[in-house]
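Trainee: Questions regarding the structure given below will be posed in turn.
The values are calculated or read from the model by the stated rules, or taken from the named source; none is laboratory data. Nothing here was measured: the structure is a model prediction, and the numbers come from that model. Positions of Cβ are generated from backbone atoms using ideal geometry, with glycine treated the same way; all protein chains shown enter the neighbour counts. Side chains included, ligands, DNA and RNA excluded: accessible areas come from the protein's heavy atoms. Shrake-Rupley method; radii C 1.70, N 1.55, O 1.52, S 1.80 Å.
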Amino acid sequence: MMSDKTVPLNDREPTSVERRRWPRMSQDPLGEDEVGKAVLTSLRFETEILPPVQQFAAWREHMAILMDSRLPSNVNPEDGFVVQQAVWNLGGMLLLQQTVPAFSYERSPDAVRFSPIDHWQITVLRAGRTWTGVDGRVAQNEPGMIEIRSLGHPFSGRALATESISLIVPVDLFADGGSLPAASNNVVLGGHRAKLLIDLMSSVEANLDRFTQDDLPRIKDRLRQMVFDAVTPLVDRDDGNDQISQIGLMTRARRFISSNLASPDLTPDALARQLATSRTRLYELFETSGGVANYIRRRRLSAAHAMLADPSDTRKVAEVGLAVGFDSAANFSRAFTQQFGYSPSNIRKQSSEDYTYPDRQTGKKPKVTFESLLQTLGLF
């Protein structure tokens, strides 16, 4: 008698037999075995290594290249001001990670007029809130949003205790796409475009210690394009004086100046001839930069600063001055000291008494500073 558990042969399911035309070959995911030398190291600023009474003064000095900082009225400098900042040079733009207590800030018209820094700053807050005013219009930034700010225009504002990541991008990096419109200044972005850019910035941040030299150009270009794609559909490209012809003219002017810094013949007249424009229009173009001659002078001094700060560059101070178009060592030294507040010979022997911070692990001071990175960003 057949058991209840026994199934007749004719009623059984046929055994599955896998038939392949080619033998199976396993394939590992691409990129997992890729080995490359990580090249990025951060420039770190931390005030907790200083006595509390010195902490805010150190922060104020550190950020003076960008803005004047002030404590809230109810805060005493003796209470301390614990800041953590890491700056990563992505080979043409900077990424800043920053945690800062509440403070207020201002970049005055005079600071803009005499500064070579006119980069774009793109900021994502992880915590806190900021309010920034430009020409009477206040932009409020908060987590989940992106703030776009031009360092080439005056601004003022205040911040609660914040944690943020920012990109600082040279103006000329957007030249191929027509530049960011002037109307992009002091705007806050939300929605899906902002989320895509935030996700990309966060992904880059998470992999900073893995990137190789070959990675950097692609990362920089991807970030640049994502910023451009996030901003330009949302602002008026014809706002104010932001005409395409003016943007193109300024881009050509900047490039010509950067390529001819060493030439003693680099003058406003030579630039006007090169651009086939009038001196009047040229002066209007550089009005917010303090004039054509001042702009050329600042670019030359910024290039000299980078040369002098480079430990591999062994040229004498006078040779560096000649290399950036100054006719004498005395004129170069005088202009350099007026621009930076210290003589060119002092760069290679930084004072141990200033607020330049030592590396926490090595105890040594960095050869590259936040100021020098900003001064020379996009210059070459």
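Trainee: Somewhere in region 176-188, is a residue within 19 Å of residue 117 (Cβ to Cβ), small (Gly, Ala, Ser), open to solvent by less than 70 Å² (accessible area, probe 1.4 Å) and modelled with pLDDT under 80?
Mentor: Just the residues of region 176-188 that are within 19 Å of residue 117 (Cβ to Cβ), to begin with: 179-180, 182, 184-186.
Still in the list and also small (Gly, Ala, Ser): 179, 182, 184.
Subset that is open to solvent by less than 70 Å² (accessible area, probe 1.4 Å): 179, 182, 184.
From what's left, modelled with pLDDT under 80: 179, 182.
Yes, some residue in region 176-188 is within 19 Å of residue 117 (Cβ to Cβ), small (Gly, Ala, Ser), open to solvent by less than 70 Å² (accessible area, probe 1.4 Å) and modelled with pLDDT under 80.
Trainee: Okay, moving on. Filter the strands (runs of 3 or more DSSP E) completely within region 153-202 down to those with at least 1 residues that are among the basic types (Lys, Arg). So that I can check it myself, show each step before the final result.
Mentor: Working: elements: 155-159, 162-169, 187-189.
Strands (runs of 3 or more DSSP E) meeting the threshold: 155-159.
Trainee: If you check 373, 271, 282, which single one turns out to be more than 23 Å from residue 249 (Cα to Cα), open to solvent by less than 30 Å² (accessible area, probe 1.4 Å) and at pLDDT 80 or above? Working first, answer last.
Mentor: Values: 271 fails: more than 23 Å from residue 249 (Cα to Cα); 282 fails: more than 23 Å from residue 249 (Cα to Cα).
Testing whether each residue is more than 23 Å from residue 249 (Cα to Cα), open to solvent by less than 30 Å² (accessible area, probe 1.4 Å) and at pLDDT 80 or above leaves just 373.
Trainee: Being under 16 Å from the mean Cα position of the chain (by Cα) and part of a strand (DSSP E or B) is the filter here, so list the residues in region 130-152 that pass it.
Mentor: To start, the set of residues in region 130-152 that are under 16 Å from the mean Cα position of the chain (by Cα) comprises 146-152.
Scanning region 130-152 gives 146, 147, 148, 149, 150.
Trainee: In addition: Name the residues in region 158-174 that are open to solvent by 20 Å² or more (accessible area, probe 1.4 Å) and over 13 Å from the mean Cα position of the chain (by Cα), would you?
Mentor: Filtering region 158-174 for residues open to solvent by 20 Å² or more (accessible area, probe 1.4 Å) gives 158, 160-161, 163, 171-173.
Result: 158, 160, 161, 163.
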